[in-house]
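Let me begin by presenting the structure, written as structure tokens, before commenting on it.
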Amino acid sequence: MRQLLYKNIKFCLIPGGGAGVLPPPQPSDSACSLSNSEHQKSTQSPLFLYTFVSNQLSMKRTKAEWFISLRQLQFLIGVGFLYMLIVTLLLPFIFKSITPQDEEISTPNFLFPLPSSEEQKESPNSTNIRGFKVLSGLNYDTVSVNSTSKQGFGTIQRSAMEAFSVGKKFYEELQLSEFDSPISNHTREICPNSITLSGSLFQKMESAMVLPCGMTLGSHVTIVGRPRPGHLEQYPKISLLKPGQNLMVSQFMMELQGLKTVDGEDPPRIFHFNPRLRGDWSGKPVIEMNTCYRMQWGLAHRCEGWKSRVDEENVDGQVKCEIWIRDDYNSSEELKTTWWLNRMISRTKKVRYDWPFPFVEGKLFVLTLSAGLEGYHVNVDGRHITSFPYRIGFALEDATGLSLKGDVDVNAIFAGSLPSTHPSFDPQRTLEMLDKWKTPSLPDAPVDLFIGVLSAGNHFAERMAVRKSWMQYDLIKSSHVVARFFVALHARKEVNAELKKEADFFGDIVLVPYMDNYNLVVLKTIAICEYGVHTASAKYIMKCDDDTFVRVDVVLSEANNIEESKSLYLGNINYYHKPLRYGKWAVTYEEWPEEDYPPYANGPGYILSSDIATFIASEFEKHKLKLFKMEDVSMGMWVEQFNKTKSVEYVHSLKFCQFGCIEDYYTAHYQSPRQMLCMWNKLQLHGRIECCNVR
């Protein structure tokens, strides 16, 4: 009976799992159906209590161990998730802060052995190392040049030696100097709301008045002056004369000018106003207006005494040209034909006054130039004379100076309603220090096309416009095409300091270590060839200017149309051009003794195959390369020399435009920063290949 009770109790406790209470008896379970007395006795048994307590303690210990292990697992999962989150957030910043110098220092040589400097010189085309080079590899060995100076090295070679010598000192000072002020920190200068100058003070300022913050809508300039009597000129620019002829000329020029962009060139003319009292080629008094950028004039607008047509575009509701009396205009015939008609219909006769030409020699005038919503308006002695619409690329805020030259005496000048604040005209105004404008790094493999862009140290706005326009092509963003600016050192140390910061941030500037000079631009072209073959390992090398808009996809396609085995010289090629022996671009017989130039592509944009570029860089290192102050002619000379050893494919295309922008262009030259952005917007947003030359 005791053994049976023990078995029944043990069997009923295990499946019950209750908290110390036996389950109620079930009718269908005969093994657990005990009488009340038997149940009461069994629960009071020592064996029963011992078994019951043991089972309960075992169940509690199992639950506690399971609970502790679950919490440990959750804690480990949380720690792992937190670690992954920290690594994900900090890893980009760690790689971004590591410079190439840090990598060289921190990388053990026994793990990743780096080639020595001698090995790098022996294999310049190696693509294993693709770091960004701020300094060009171009160097001018003055010792070697001096030793061979008797072999015909001319003035430009001596200038190059001096420029490299001075540039080396400037670059060493630039490396040692510390500049605390970052580019991003800039202040706004406070400018006067109005400026007044007397005639004598204006003359002392070389007939120029500074407008510190430019002009804005509603700004106006009033000039009180007197045209001088005509004088004889033998070579007037506004008329054509036969040899030995003289012409009486009286004219003056009022210009709104911007900042000078290139040393040796005139500043851009944002608005050019030229009254010609005498001496114009038409023989009549006229007023001519225009704009000019990089010494390239736009389409002139002339007022010759005829009133603008009714259907012609107006400016703020004003006609472009008002009427004035002409020698060949006789209003009496018109009066005779209308007099009888007016008398028959009893029409009231209108009072009519024929205005003369607004400027008269020796007579005082009051001229007011005002800036409207759509263009400039010129009033003389209270009467509207002409209006000139704004042109794309020439903004009011860029008009930082007023110049008045020619046959005129100025009594006084007053400028009013001028803007009082404006971003200062320096790098802080134009550079956008954003990561999205940074250039991609060089790829490990050779590139299809390397584009070297010639630029000057103070061309911050031009470089920024290129970065935001055609350097955003997918071919460049994907590093199939690589573009770099090539800049020489500037005479102003503060410009070099800002230039170095710009180069370090954007990673797209290569400094050529010589003092910049307009006659030494050819050295930058050689540096482009050296960089294109030794650093970029490019299949093709293209040279262009920082005011050239390049359709990257089209020019690469044009180059790829030629067989790879052929040497290529592609561009707008000039044949049988003769050097000018007088004028601004005069070339002496000492500089160029021959009567014709070799075939050469215009400088704003041309393409070479890598073998020609390699030849140029090699010949320069050996000091066998003849230098000429006109870099595009120099390139034609070098290609002609290379052509003697290997045949060159000369490919001519007018779509590499030299003088501006044409329809379906490949490259467009003389484009201002605003025009560059305008052309890119038309190309990307609207898919149209259009120019932005004029309104």
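Express in nm, to one decimal, how much length is gained between LYS626 and ASN314 on full extension, taking 0.36 nm for each residue of separation and deducting their alpha carbon distance.
106.9 nm
Report the calculated FRET efficiency for SER557 and SER165 (r = Cβ-Cβ distance, R0 = 56 Å), to the nearest 0.05.
Efficiency at R0 = 56 Å is approximately 0.85.
Under the 0.36 nm per residue contour assumption, what length would be gained going from the current alpha-carbon distance of TYR83 and SER282 to full extension?
Gain in length upon complete extension: 63.3 nm.
Counting other Cβ atoms within 10 Å, which GluC sites (Glu not before Pro) in region 577-611 have at most 10 and lie in a DSSP loop?
For GluC sites (Glu not before Pro) across region 577-611 that sit outside H, G, I, E and B with at most 10 neighbouring Cβ atoms in 10 Å, the list reads GLU590, GLU594, GLU595.
Hey, what do the phi angles of region 646-659 turn into as Karplus ³J(HN,Hα) couplings, whole Hz, using 6.51/-1.76/1.60 and θ = phi - 60°, x for Gly and Pro?
Result, rounded to whole Hz: 8, 5, 10, 8, 8, 10, 9, 8, 6, 6, 7, 6, 8, 9.
What ranking do 203-209, 467-473 get when scored by the average of other Cβ atoms within 10 Å per residue, highest first?
Descending packing order for the listed peptides: 467-473, 203-209.
Rounded, prolate or oblate: which one fits region 456-532, using the alpha carbon gyration tensor with axes a ≥ b ≥ c (rounded when a/c is under 1.5, else prolate when a/b beats b/c, else oblate)?
The shape class here is oblate.
Hand me the trypsin sites (Lys or Arg not before Pro) from region 536-615 located in a DSSP loop with no more than 11 other Cβ atoms within 10 Å, in residue order please.
ARG581, LYS584
Quick one: if you stick a label point 7 Å off each Cα along the C-beta vector at LYS405 and GLU595, how many nm between them?
3.6 nm
With a cap of 15 neighbouring Cβ atoms within 10 Å, and only residues DSSP puts in a loop, list the chymotrypsin sites (Phe, Trp or Tyr not before Pro) found in region 551-584.
TYR575, TYR576, TYR582
Kindly rank 602-609, 298-305, 436-443 from highest to lowest mean number of other beta carbons found within 10 Å of each residue.
So the peptides 602-609, 298-305, 436-443, ranked by packing, come out 602-609, 298-305, 436-443.
Students often get this wrong, so check it: of LYS500/LYS626; LYS626/LYS646; LYS320/LYS468; LYS168/LYS539; LYS237/LYS524; LYS501/LYS655, which have C-alpha atoms separated by over 24 Å?
With Cα atoms farther than 24 Å apart: LYS500/LYS626; LYS320/LYS468; LYS168/LYS539; LYS237/LYS524; LYS501/LYS655.
Can you order the peptides 267-278, 622-633 by their average number of other Cβ atoms within 10 Å per residue, highest first?
Ranking the peptides 267-278, 622-633 by packing returns 267-278, 622-633.
Read the figures in this text as sums done on the coordinates, not as results from a lab. Source: prediction; values computed, not measured. When we count neighbours, we look across all protein chains shown, and the Cβ atoms used for this are built from the backbone with ideal geometry, even at glycine.
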